[in-house]
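Report on the following structure.
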Amino acid sequence: MELGINNKVAVITGGDSGIGRATAKLLADEGVKIALLDKTTEQLQATVADINKIGEAYPVQADLRNLDEVKAAKDQVLEKYGTVDILVNCAGITGATGDFLDISDEEWHETLEVDLMAAVRMCRTFIPVMRDSGWGRVVLVASEDAVQPYTDEMPYCAAKAGVLNFAKNLSKAYAEDGVLVNSVAPAFIATPMTDAMMDQRAEKMDTSKEEAIATFLKEKRPHLELQRRGKAQEVAAVITFLCSQQSSYVVGANYRVDGGSVASISL
């Protein structure tokens, strides 16, 4: 399938690993020029070097909790490439977990800052560039938790529900300008974030990581029909489609890439 995005410019946040990295590699393989944003240094550089073996990537270090750094990132990308056609927001953290009554305001704020407000800042900064050119694709990474909440992950669930609503709102606001906004909702993907979760679970249970994953699937994700962690590439494939010319009639949609984990027919 010809995706029609050769020589487009994509900005990808959370790009040094996981879903962001996998998406960058797929888009680069389609001829897209990639600006990878993350707050890391060494890992970001390593990922860019890897992507440059198949295409073109450029590292931009930025803390998305800081609006000035987001604006500086835009200036760097425009100086490098002159425009931006695609924005994929993958940056995120698990945030505070546990009993609701034990989670502080500060912990709530941290999760919301990274998982919701970072997407707000990125869209507010980069959508005007796409609107000016009359063509754009925005994909925000949400989560199954947005529609199927878990009581021990309330800040994360609330933030991701906000991402879904935000994406739908944006899609209505800017479709007439040629900027198509959609979201993707993964579930239990093999990424550094879920690796850390499973490492903690294994340590707490005094068992292997493999056993921790198996018991997590059985106890915490009983509706995940495929009974395995997803692959970052499986999410990236859907994101890549949504970034392409082939998604020209897809607006305000949420694509679940969750192995069946969400038990209902909700978004």
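No lab work stands behind these numbers, since they all come straight from the coordinates. A quick note: this is a predicted structure, and the numbers were derived from the prediction, not measured. Heads up, the Cβs are rebuilt from the backbone with ideal geometry, glycines too, and the neighbour counts pull from every protein chain shown.
Quick notes on this structure:
- Cβ-based exposure ranking for E225, E30, in which fewest neighbours within 10 Å come first: E225, E30
- In terms of other Cβ atoms within 10 Å, M130, M205 run from fewest to most in the order M205, M130.
- Convex hull per residue volume in Å³, alpha carbons only, for the chain: 129 Å³
- Residue (of M193, I93, G20) at the positive-pole extreme of the chain, dipole from beta-carbon charges: G20
- Given charges at beta-carbon only (K, R positive; D, E negative), |dipole| of region 1-56 in Debye: 80 debye
- Within the chain, longest stretch clear of exposed chymotrypsin sites (Phe, Trp or Tyr not before Pro) (DSSP loop, no more than 14 other Cβ within 10 Å): 1-149
- Note on the chain: helix-only mean residue ellipticity at 222 nm, from DSSP H runs of 4+ residues weighted -39500 (n - 2.57) and normalised by residue number, equals -14000 deg cm²/dmol.
- Cα centroid separation, region 131-148 to region 11-54 (Å): 18 Å
- Full-extension gain in nm, S133 to Q43, via 0.36 nm per residue minus C-alpha separation: 29.2 nm
- 3J(HN,Hα) from dihedral phi, region 34-49, Karplus parametrisation 6.51/-1.76/1.60, rounded to Hz, x for glycine, proline: 10, 9, 9, 10, 6, 8, 7, 10, 5, 5, 4, 4, 5, 5, 4, 4
- For region 225-267, the fraction of C-alpha pairs more than 17 angstrom apart is 42%.
- The spacing between region 70-101 and region 202-267, judged by their C-alpha centroids, is 21 Å.
- Seen against the Cα atoms of the chain and their longest principal axis, helix 192-205 is set at about 10 degrees.
- Database remark: amide H of G260 closer than 5 angstrom to the amide H of E225 (H placed geometrically; neighbours at sequence offset of 5 or more, or on other chains; Pro and chain starts carry no H).
- For S244, S261, order by how many other beta-carbon atoms lie within 10 Å, fewest first: S244, S261
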